[in-house]
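Visitor: First, the structure itself, so that you have it in front of you.
The values are calculated or read from the model by the stated rules, or taken from the named source; none is laboratory data. Worth saying up front: this structure is predicted, and the values here are computed from it rather than measured. Counting neighbours? That spans all protein chains shown, and the Cβs are built from the backbone with ideal geometry, glycine included. Ligands, DNA and RNA are stripped out before the accessible areas are found, and what is left, the full protein with its side chains, is counted by its heavy atoms. Shrake-Rupley method; radii C 1.70, N 1.55, O 1.52, S 1.80 Å.
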Amino acid sequence: MSEPTIVALASPVGTGGVAVVRVSGCRALEVSRRVFQGPGFSKAQAKPESHRAVYGILHSPPGLISNENKEVTTIDQVLALPMLAPHSYTGEDTVEFFCHGGTVVAREVVEACIEAGAAPAGAGEFTRRAFLNGKLSLDQAEAVADLIHAESRLSARAAVRQVLGGLKNQLVEIERPLLDLLSRIEGSLEFADDDEIAIPETEILKSLRAADRKISSLLQIGSAGRLLRDGIHIVLAGAPNVGKSSLLNALADEDRAIVDKQPGTTRDVVSVRLHHEENVFVFHDTAGLRQEAGPVERKGIARTQKMLLEADLILHLEEAKSLSKRQEQPLPISLAASVENGSGEFTTIVIRVGTKSDLVATPDLDESVVLTSSLSGQGISDLWRAIDEAVAGFQLKEAAAQGVVLNQRHLHKLGLCSNELTQLSAEIQKTSPGPEVIGTLLSSITAHLGEVSGRVFSEQLLEAVFSRFCVGK
Ligand SMILES: Nc1nc2c(ncn2[C@@H]2O[C@H](COP(=O)(O)OP(=O)(O)O)[C@@H](O)[C@H]2O)c(=O)[nH]1
Ligand SMILES: [Mg+2]
């Protein structure tokens, strides 16, 4: 049985100039003819011209209604845009109705289509059909959701390039030689006695290494995906009263955090999303790190420690006046413990900030400290510059240029591929396993790769991917 024809509002709910209602499926034209009167949509005609908008009247459908006395009601003047299979987003016959914006009209258009035989679309169902009909790979479909949810220019740019095939093309380049190799290995198994067909181990190793290198370079810009999608998380840390909340307000240029001269005022983490240049930042204003805290404040401090572990960047604040007195300024123990990886190396970039610079005349500090005054605004742009420099190391621009916005799912699968490729190479060098073993391991690797692009998929995988879409996309 064919899939039901579906309908949904494709534009946001609310008042606006125009709303778009999308109908897709093998009965899209039949449904449309029942609710729309305009050139090309009369029953006598076979099919309207594809991709040509026509003007007409949208009304409730006649006949099918339970209440026979109900008259056909005019709902709106609309434009109807038929897009015939396979030349539509879903690959199915599609009709889009452009009606007047507003909550009532758009809802009535959807209801009329349902009355005329369409089913309400589920979340992401149009894109799911586009994937199933071979219009988009799975990573392209996921990028459609990223594009819709993008909060910054850079993340939108990255997502649209992935929609256009950025990641897909790289995956094909990795996959194709491995699939070729796999089919040759499988071929050699059929003619096991023929030495001509046996593939030299050196050649196999070369292909595996080439694939591993390409996957590693994808994984290298892997964290950029999360930063583009969720924003760059920056934690403001330092002793109570050093001016953390004030600095956040200065950065945000508006009063979003509670500022008070009472030490320990900020007991919980206050998070503020800020757009700066091409990026989205999430600043976390924390409870100050100090020993002599009360029970409520201690809870705040515990959360601060957790935030520090998860931060992409840490601003470590100290008052400029106390900094200028000392030469060597070690990080407070509680902060250092959070950002060191155990062997004394820092895993998170820490920017040192000297606050309340207006209170010191000529501070004598090393150049790594950024001096700021939240009161006068002095040094705030220097701090933004230091943040932007640190962020340049996260390779967001590279990811955007390549059109590669990896998510958890991609990272997990590519990580598995990389591990298994390394293991297989080591195994070949150590024990020279026969083509049968190599073939089995290689097919597992190509299956992982196939799940990233959607060449290999399960119902469960599609459910997980498309549940994060909105209705109408
Ligand atoms: N003179 C001066 N005072 C500041 C500055 N920043 C903060 N303060 C004051 O320092 C006190 C503590 O600030 P707050 O931001 O609440 O510190 P927090 O506990 O680290 O969040 C308040 O009285 C602020 O007005 C600054 O740049 N210059
Ligand atoms: Mg505070």
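Visitor: How about the range 18-37: which of its residues are in contact with a strand residue (DSSP E or B) (Cβ under 8 Å, 6 or more places away or on another chain) and outside any helix (DSSP H, G or I)? Explain how you work it out, then say what you get.
Guide: First, pick out the residues of the range 18-37 that are in contact with a strand residue (DSSP E or B) (Cβ under 8 Å, 6 or more places away or on another chain): 18-25, 28-29, 31-32, 35-37.
Hits for the range 18-37 are 18, 19, 20, 21, 22, 23, 24, 25, 36, 37.
Visitor: Just wondering, is there one or more residues in the range 97-107 that are under 17 Å from residue 7 (Cβ atoms) and free of Cβ contacts under 8 Å to residues at least 40 places away in the same chain? If you could, list the steps in order and put the result at the bottom.
Guide: Within the range 97-107, the first condition is being under 17 Å from residue 7 (Cβ atoms), and the residues that meet it are 97-99, 103-107.
From the residues that got through so far, the ones that are free of Cβ contacts under 8 Å to residues at least 40 places away in the same chain too are 104.
Within the range 97-107, one or more residues are under 17 Å from residue 7 (Cβ atoms) and free of Cβ contacts under 8 Å to residues at least 40 places away in the same chain.
Visitor: If a residue has to be closer than 23 Å to residue 142 by Cα and at pLDDT below 95 to count, how many in the range 92-124 make the cut?
Guide: Adding up the residues that qualify gives 3.
Visitor: Hey, another quick one. Residues of the range 134-163 being open to solvent by less than 30 Å² (accessible area, probe 1.4 Å), within 16 Å of residue 456 (Cβ to Cβ) and of a type outside the set (S, T, N, Q), which ones?
Guide: If the condition is that a residue be open to solvent by less than 30 Å² (accessible area, probe 1.4 Å), within 16 Å of residue 456 (Cβ to Cβ) and of a type outside the set (S, T, N, Q), then 136, 138, 139, 141, 142 are the ones that fit.
Here's the yes/no breakdown for (1) surrounded by 14 or more Cβ atoms within 10 Å (Cβ to Cβ); (2) modelled with pLDDT of 95 or more; (3) within 19 Å of the chain's Cα centre (by Cα):
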| position | (1), (2), (3) |
| --- | --- |
| 363 | yes, no, no |
| 371 | yes, no, no |
| 416 | yes, yes, no |
| 435 | yes, no, no |
| 460 | no, no, no |
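Visitor: Also, quick follow-up: For the structure I just gave you, tell me whether residue 222 is open to solvent by less than 10 Å² (accessible area, probe 1.4 Å) and either away from ligand 1 (no atom under 16 Å from the Cβ) or not aromatic (Phe, Trp, Tyr) (or both).
Guide: Numbers: open to solvent by less than 10 Å² (accessible area, probe 1.4 Å): yes; either away from ligand 1 (no atom under 16 Å from the Cβ) or not aromatic (Phe, Trp, Tyr) (or both): yes.
So residue 222 fits the description; yes.
Visitor: Please work out if residue 245 is at pLDDT 85 or above, open to solvent by less than 20 Å² (accessible area, probe 1.4 Å) and hydroxyl-bearing (Ser, Thr, Tyr). Write out each step before concluding.
Guide: Details: at pLDDT 85 or above: yes; open to solvent by less than 20 Å² (accessible area, probe 1.4 Å): yes; hydroxyl-bearing (Ser, Thr, Tyr): yes.
Here the answer is yes, as residue 245 does meet what is asked.
Visitor: Here's another thing I want to ask about it. Can we say residue 431 is open to solvent by 20 Å² or more (accessible area, probe 1.4 Å), outside the structural domain of residue 278 (by TED's automatic domain parsing), modelled with pLDDT under 95 and polar (S, T, N, Q)?
Guide: Details: open to solvent by 20 Å² or more (accessible area, probe 1.4 Å): yes; outside the structural domain of residue 278 (by TED's automatic domain parsing): yes; modelled with pLDDT under 95: yes; polar (S, T, N, Q): yes.
For residue 431, the condition - open to solvent by 20 Å² or more (accessible area, probe 1.4 Å), outside the structural domain of residue 278 (by TED's automatic domain parsing), modelled with pLDDT under 95 and polar (S, T, N, Q) - is met.
Visitor: If only one of 429, 378 is polar (S, T, N, Q) and within 30 Å of residue 280 (Cα to Cα), which one is it? Give the steps one after another, and end with the answer.
Guide: Details: 429 fails: within 30 Å of residue 280 (Cα to Cα).
Sole residue among the options that is polar (S, T, N, Q) and within 30 Å of residue 280 (Cα to Cα): 378.
Visitor: Looking at the range 252-259, can you tell me whether even one residue there is more than 12 Å from ligand 1 (Cβ to nearest atom), among the acidic types (Asp, Glu) and either modelled with pLDDT under 90 or not assigned by TED's automatic domain parsing to the domain that holds residue 178 (or both)?
Guide: Yes.
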